[in-house]
Amino acid sequence: MFINHRGIDTKKTIAGLLYHHLSGLGYHPFLDSKSMKPGDRLFEKIDPAIKECRVGVAIFSENYCNSYFCLHELALMLECKKRIVPIFCDVKPSALQVIDNGTWARKEIERFGQALEECRYIVGVSYDNKKNGDLAEFMAEATKAILQAFHEDEEDMEYLKHNITKYYDGNSAEASI
């Protein structure tokens with residue numbers, strides 16, 4: 001699982017919580033701040049992680065489209081035909097658009113625009129913090145969507161049900177998916 005996000009918007013909230021939640025379930029998601037160390041070269045670590053993942057989690061947020069890295073990662077996930085689980089965090093899918101600030105090549109702008117356009121039409125999960133979104137409920141819904149994308153066949157689904165039940169039984173008697 002590769003968690004694609006805009007750090008200034010979601011690293012300490014949605015992206016970080018998803019990383020810890022998925023790790024607690026026994027998965028090994030890639031999150032730059034947790035999976036890389038000082039001195040690592042960004043593209044030498046990130047591009048192979050994308051190519052090797054089964055699922056890409058794209059966390060769209062207010063400043064997402066301002067980041068070359070976010071858009072590059074998203075485009076690469078789609079070019080590699082990865083299953084994408086979009087998470088719309090305080091942003092509507094229709095608001096996603098590449099902002100041409102004059103520093104990116106026309107080819108990259110088109111590539112990024114195509115990736116965003118494709119993601120607008122993938123069913124995702126939304127979280128609206130401004131409307132007092134229930135973070136616990138959102139985490140359960142997002143985790144379920146990510147794991148369903150990760151486990152596509154029935155045998156995998158049995159593993160999924162077992163691990164989610166085990167996780168919640170150990171962490172909260174009231175939590176359920």
Expressed as a whole number of Å, what is the distance separating the alpha-carbon centroids of region 79-94 and region 18-32? 18 Å
Could you work out the helix-only [θ] at 222 nm for the chain, with each DSSP H run of four or more residues adding -39,500 (n - 2.57) and the total divided by the number of residues, to the nearest 500 deg cm²/dmol? -15500 deg cm²/dmol
Check: region 3-84 dipole with +1 on Lys, Arg Cβ and -1 on Asp, Glu Cβ, in debye: 200 debye
What is the magnitude of the charge dipole of region 26-68 about its Cα centre, with +1 placed on the Cβ of each Lys and Arg, -1 on the Cβ of each Asp and Glu, and no other charges, expressed in debye to the nearest 20? 140 debye
Sorting Lys81, Lys144 by accessible area (1.4 Å probe), largest first, what list results? Lys81, Lys144
Any idea of Ser94's accessible area? Nearest 10 Å², probe 1.4 Å. 100 Å²
Let's see if you can work this out: charge +1 on each Lys and Arg Cβ, -1 on each Asp and Glu Cβ, no other charges. What is the dipole magnitude of the chain about its Cα centre, in debye to the nearest 20? 500 debye
Summing Lys, Arg as +1 and Asp, Glu as -1, what charge do residues with Cβ under 10 Å from the Cβ of Asp9 carry, Asp9 excluded? +1
Please give the net charge around Val125, taking every other residue with its beta carbon less than 12 angstrom from that of Val125, where Lys and Arg add +1 and Asp and Glu add -1. -2
Return the label of the correct value of Rg and Dmax of the Cα atoms in Å, as calculated from the structure shown, out of (i) 38.4, 124; (ii) 17.5, 54; (iii) 16.2, 53. (iii)
Assuming 0.36 nm per residue, please report the length gained on full extension of the stretch Glu52 to Val123 beyond their Cα-Cα distance. 23.3 nm
So with the 1.4 Å probe, I'd like the accessible area per residue for the chain, rounded to whole Å². 57 Å²
Could you please put Arg83, Arg106, Arg111 in sequence from largest to smallest accessible area, using a 1.4 Å probe? Arg106, Arg83, Arg111
Within straight-line cross-link reach of Lys51, lysines at Cα separation under 26 Å, skipping those fewer than 8 residues along the same chain: Lys11, Lys12, Lys34, Lys37, Lys81, Lys82, Lys107, Lys144
Quick check: at a probe of 1.4 Å, how many percent of the accessible area of the chain sits on carbon and sulfur atoms? 49 percent
So for Tyr64, Tyr121, what's the accessible-area order with a 1.4 Å probe, most first? Tyr121, Tyr64
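Give me the percent relative contact order of the chain, please, defined on Cα pairs under 8 angstrom at least 6 residues apart.
RCO, the chain: 22 percent.
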Find out how many positive minus negative residues lie around Leu74, taking Lys and Arg as positive, Asp and Glu as negative, among other residues whose Cβ is under 15 Å from that of Leu74. -2
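The values are calculated or read from the model by the stated rules, or taken from the named source; none is laboratory data. Everything numeric here is computed off the predicted structure, so don't read it as measured data. All Cβ positions, even for glycine, are placed from backbone atoms using ideal geometry, and neighbour counts span all protein chains on display. All accessible areas refer to the heavy atoms of the entire protein, side chains included, with ligands and DNA or RNA removed. Shrake-Rupley method; radii C 1.70, N 1.55, O 1.52, S 1.80 Å.
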